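Structure, as structure tokens:
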Amino acid sequence: MSALTSVWKKEFRDAIRDKRSVLAAMSYAFFGPLLMAVAFFFLITQLTDKADIEITIEGEENAPQLVDFLNERGVVQKQGEWAKTETPIVLTLPENWQESVRKAEPVEVTLRADWSAQKQQTDIKRVEQAVQAYSSQIAAYRLTLRGVDPRVIQPVQLQKQDLATRGSKAALIMGSVLVFIILSVFWSGMNVAIDISAGERERNSLEFLLSQPLSTWDIVTGKALTATTFSLFGAILSLVLIPIIFAYVPLHEIGMNVNFSVGMMALMFILLVPLALFATALQLFVSFRAKNFKEAQTYISFLLIIPMAASFGVEFARLKNPILYYLPLTGQHQAFLSLIRGENVNVMGTVISAIATLAAALLLMKYIARMLKSEKIVFGL
Amino acid sequence: MINVDALTKTFKNVQALDSLSFQAKDGEITGLLGPNGAGKTTCLRIIYGLLQADTGKAEIEGVDANQNPIDARRNLGIFPDKFGLYERLTVREQVAYFAGLHGLTGSKQKQAVEQVIEKLDIKELADRRTAGFSQGQRMKVALAQALVHSPKHLILDEPSRGLDVMSTRILRDVLREQRAQGTCILFSSHVMQEVAALCDRVVVMANGKVAAEGTPQELCDMTGEPQLEDAFVKIIGTDEGIAA
């Protein structure tokens, strides 16, 4: 036990003096939520954007009423030149507009545009709708003038009902935040994990450490606890920073409100503890096999795909399988989802997944301890 | 006492040790002399239990490190083949770490660290981080790590490699001092002068076997050569891989 604490204390002191490790642990937690908030900020402004559409209107003077109507609907005359990459959207109003309207004859208005242009499609649609709306308005006037109820030409009225609730919109955005929190335990301890395993080998101090009178289990546990400490530090930072940063994102504009209560954060943190140990064990397992820091880094970046695939996969494929509640990683993810949606957490599943995560971590550590007794692994013989 | 008995070790197709037997007695410096690739490092690694012997055994004070590595290492100071230092720790922290791994805690640990720093005369280095240390300074730190728990046995793998004259002299002085305290010292080398200057007994190794054994004088007498170097060449039958 004293050997274990010696290793832990020494590794921790060593790691905390490594600027690269500390920076790595903090930067993910710090810049991650910031980046995410900026992304959401733009997403939200785009969603709520009702900026005017600029098109070229030819023959503006022919039909000032229509132009006024279009302006009201946010379709305006383009001031500058069209960019070379864009096909101009041109609406041509004919000279005979006034005369034809007076005679109640159909007027031909031409809209020239590229309907296959993905970016312009909403713009074109809005121009079309605006012209249609004006047309219906005139039709209604004409019918009223002739003593006919304008509703006779609207036999069917389509009611659109958007089923996207506030909650489900929030869940979509928060889902990615959750994935981010889960990944924080994988990211934050990574540099330390590599440094105390592959780094120890690269610096040629592994042989001496292994020839000291302590079990390889003590070595592995001491090192794992150090990396786990860093990883949890990153997790705490993420958990604290996310509510602060998201307070500045205008989520309410898309009808969303997020509540991060202290109790919820604490519960999330507790759920992250076994996961952090598991993440560290995985990273130590990989990087004890690498010859140097660089090699370990390469392997570990592949390893990061696992938690990313697991959590993003479940998130976006909308997988629903009860087994997900019980497995490491997906269990924590499901619990987080329930927490954020304000639903009841599947207690049984969460506890079992926590135990499974812890067990997997300990088994992996046992295996690493055995690995360090193998001359093949230690000396690469 | 370190007792090596009929050790055999094979790596893939290479026979590194071929029933190697010798003893290193307490209060003596035993030199393991051999050309590069003779199996010196392999032998030492088996003694402190990092490698498993195929057959035979190596015992430190009767404890086989292959069976019970932790107990075997308690009374052992090691100066390994590769000694990397923790460059972000100061010398004192580093030495204290290994004292801790040997079970020394609290004031006992502090005292042991102070003593070994005093002994190796590295007081002015003690609170510096080891990054950027010279080879000689690094050697002293490694030696301090090996000696901090006052082991009764000391194993050194080519300790004078890359050292200048001054550092080599300090190393020799420390080893002689340890010998005077009754420590059993086993060190490997391919440097003739060092062995001649320091060793009470020499075990000459070649191709994983003991080629000859005795005091430097006995080896010279045995081969009829006045110089240990010539005696050595005669014993192993080639001068390949030896430094004068």
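The values are calculated or read from the model by the stated rules, or taken from the named source; none is laboratory data. Here the structure is a predicted model, which means the values were calculated and not measured. Cβ atoms come from the backbone with ideal geometry, glycine included; neighbour counts cover every protein chain shown.
Somewhere in the stretch B:36-51, is a residue surrounded by fewer than 18 Cβ atoms within 10 Å (Cβ to Cβ) and charged (D, E, K, R)? Let's see the steps before the verdict.
First pass over the stretch B:36-51, keeping only residues surrounded by fewer than 18 Cβ atoms within 10 Å (Cβ to Cβ): B:36-37.
Applying the additional criterion that residues be charged (D, E, K, R) yields none.
No - not one qualifying residue is present in the stretch B:36-51.
Rundown of residues vs (1) surrounded by 21 or more Cβ atoms within 10 Å (Cβ to Cβ); (2) more than 18 Å from the chain's Cα centre (by Cα); (3) at pLDDT 85 or above, yes/no style:
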| site | (1), (2), (3) |
| --- | --- |
| A:R318 | no, no, no |
| A:N321 | no, yes, no |
| A:L327 | no, yes, yes |
| A:I352 | no, yes, yes |
| A:I355 | no, yes, yes |
Tell me yes or no: at least one residue of the stretch A:76-98 is surrounded by 15 or more Cβ atoms within 10 Å (Cβ to Cβ) and closer than 24 Å to A:Q157 by Cα.
no
Restricting to the stretch A:203-226, name every residue that is facing chain B (nearest Cβ under 7 Å), crowded, with 21+ Cβ neighbours inside 10 Å and farther than 22 Å from B:A142 by Cβ.
none
State the number of residues belonging to the stretch A:99-113 that are more than 20 Å from A:A139 (Cβ to Cβ) and either touching a Pro at 6+ places or on another chain (Cβ under 6 Å) or surrounded by 14 or more Cβ atoms within 10 Å (Cβ to Cβ) (or both).
1
So which residues in the stretch A:33-77 are of a type in the set (A, V, I, L, M), at pLDDT 80 or above and closer than 18 Å to A:I89 by Cβ?
A:I53, A:I55, A:I57, A:A63, A:L66, A:V67, A:L70, A:V75, A:V76
Scan of the stretch B:148-183 for residues that are without any contact (Cβ under 8 Å) to a residue 24 or more places away in the chain and crowded, with 18+ Cβ neighbours inside 10 Å, ordered by number:
none
Go through the stretch A:129-145 and count every residue that is surrounded by 14 or more Cβ atoms within 10 Å (Cβ to Cβ) and closer than 17 Å to A:V90 by Cα.
2
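Could you tell me whether the stretch A:210-217 includes any residue that is within 30 Å of A:F12 (Cβ to Cβ), among the aliphatic types (A, V, I, L, M) and modelled with pLDDT under 85?
Narrowing the stretch A:210-217 to residues within 30 Å of A:F12 (Cβ to Cβ): A:210-217.
When the remaining residues are screened for being among the aliphatic types (A, V, I, L, M), the result is A:210, A:214.
Then drop every residue that is not modelled with pLDDT under 85, which leaves none.
No: zero hits.
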Residue satisfying condition, being within 22 Å of B:K140 (Cα to Cα), at the interface with chain A (Cβ under 8 Å from one of its Cβ atoms) and outside any loop (DSSP other than H, G, I, E, B), within set B:G100, B:G31
B:G100
Just the residues that are facing another protein chain (nearest Cβ under 7 Å) and either in a strand (DSSP E or B) or modelled with pLDDT of 90 or more (or both), please, taken from the stretch B:57-84.
B:I70, B:R73, B:R74, B:I78
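Of the residues A:N292, A:N191, only one is at negative phi and more than 29 Å from the chain's Cα centre (by Cα); which?
Working: A:N191 fails: more than 29 Å from the chain's Cα centre (by Cα).
Just a single option satisfies the conditions, and that option is A:N292.
Looking only at the stretch A:12-44, which residues are within 14 Å of chain B (Cβ to nearest Cβ), assigned to a helix (DSSP H, G or I) and either out of contact with any Asp or Glu (no Cβ under 9 Å at 6 or more places or on another chain) or polar (S, T, N, Q) (or both)? Give the steps one after another, and end with the answer.
Here is the first cut: in the stretch A:12-44, the ones within 14 Å of chain B (Cβ to nearest Cβ) are A:12-22.
Then drop every residue that is not assigned to a helix (DSSP H, G or I), which leaves A:12-16, A:19-22.
Listed by number, the residues that qualify are A:F12, A:I16, A:K19, A:S21, A:V22.
State which residue is surrounded by the most Cβ atoms within 10 Å (Cβ to Cβ) when the search covers only the stretch B:184-223 and only residues that are free of Cβ contacts under 8 Å to residues at least 24 places away in the same chain, of a type outside the set (V, I, T) and farther than 20 Å from B:S19 by Cα.
Pass one, the stretch B:184-223, residues free of Cβ contacts under 8 Å to residues at least 24 places away in the same chain: B:212, B:214-223.
Cutting the leftovers down to of a type outside the set (V, I, T) gives us B:212, B:214, B:216-222.
When the remaining residues are screened for being farther than 20 Å from B:S19 by Cα, the result is B:216-222.
Working: B:P216: 22, B:Q217: 12, B:E218: 14, B:L219: 24, B:C220: 20, B:D221: 13, B:M222: 14.
Checking each candidate, the answer is B:L219.
Suppose the filter is within 30 Å of A:S197 (Cβ to Cβ) and among the polar types (S, T, N, Q); does A:S287 pass it?
yes
Go through B:A53, B:A24 for me and flag whichever is over 13 Å from the mean Cα position of the chain (by Cα) and of a type in the set (G, A, S).
It is B:A53.
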Please indicate, with yes or no, whether at least one residue in the stretch B:144-158 is in a helix (DSSP H, G or I), within 12 Å of another protein chain (Cβ to nearest Cβ), within 30 Å of B:Q52 (Cβ to Cβ) and among the aliphatic types (A, V, I, L, M).
yes
Kindly evaluate A:F186 against the criterion of being among the aromatic types (F, W, Y) and modelled with pLDDT under 90.
no
The stretch B:103-127: number of residues that are closer than 30 Å to B:Q52 by Cβ and either more than 10 Å from chain A (Cβ to nearest Cβ) or among the basic types (K, R) (or both):
0
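To keep it simple, each residue is scored yes or no on (1) within 21 Å of A:A29 (Cα to Cα); (2) not in a helix (DSSP H, G or I).
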residue	(1), (2)
A:I196	no, no
A:I219	no, no
A:T226	yes, no
A:A235	yes, no
A:I242	yes, no
A:I245	yes, no
A:Y248	yes, yes
A:E253	no, no
A:F269	yes, no
Hey, any hits in the stretch B:125-132 for a residue that's in contact with an Asp or Glu (Cβ under 6 Å, 6 or more places away or on another chain) and within 19 Å of A:S6 (Cβ to Cβ)?
yes
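Any idea which of B:R92, B:R88 is facing chain A (nearest Cβ under 10 Å), outside any strand (DSSP E or B) and more than 13 Å from the chain's Cα centre (by Cα)?
Values: B:R92 fails: facing chain A (nearest Cβ under 10 Å).
Result: B:R88 is the single residue among B:R92, B:R88 that is facing chain A (nearest Cβ under 10 Å), outside any strand (DSSP E or B) and more than 13 Å from the chain's Cα centre (by Cα).
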If A:F41 satisfies every condition in (1) crowded, with 16+ Cβ neighbours inside 10 Å; (2) in contact (Cβ under 8 Å) with a residue 40 or more places away in the chain; (3) over 30 Å from A:T280 (Cα atoms); (4) not β-branched (V, I, T) but one, which is the exception?
(1)
Given the criteria within 14 Å of chain B (Cβ to nearest Cβ) and either surrounded by fewer than 16 Cβ atoms within 10 Å (Cβ to Cβ) or within 24 Å of A:T228 (Cβ to Cβ) (or both), does A:G380 qualify?
yes
If I filter the stretch B:36-45 for residues that are of a type in the set (A, V, I, L, M) and either at positive phi or in contact (Cβ under 8 Å) with a residue 60 or more places away in the chain (or both), do I get at least one hit?
yes
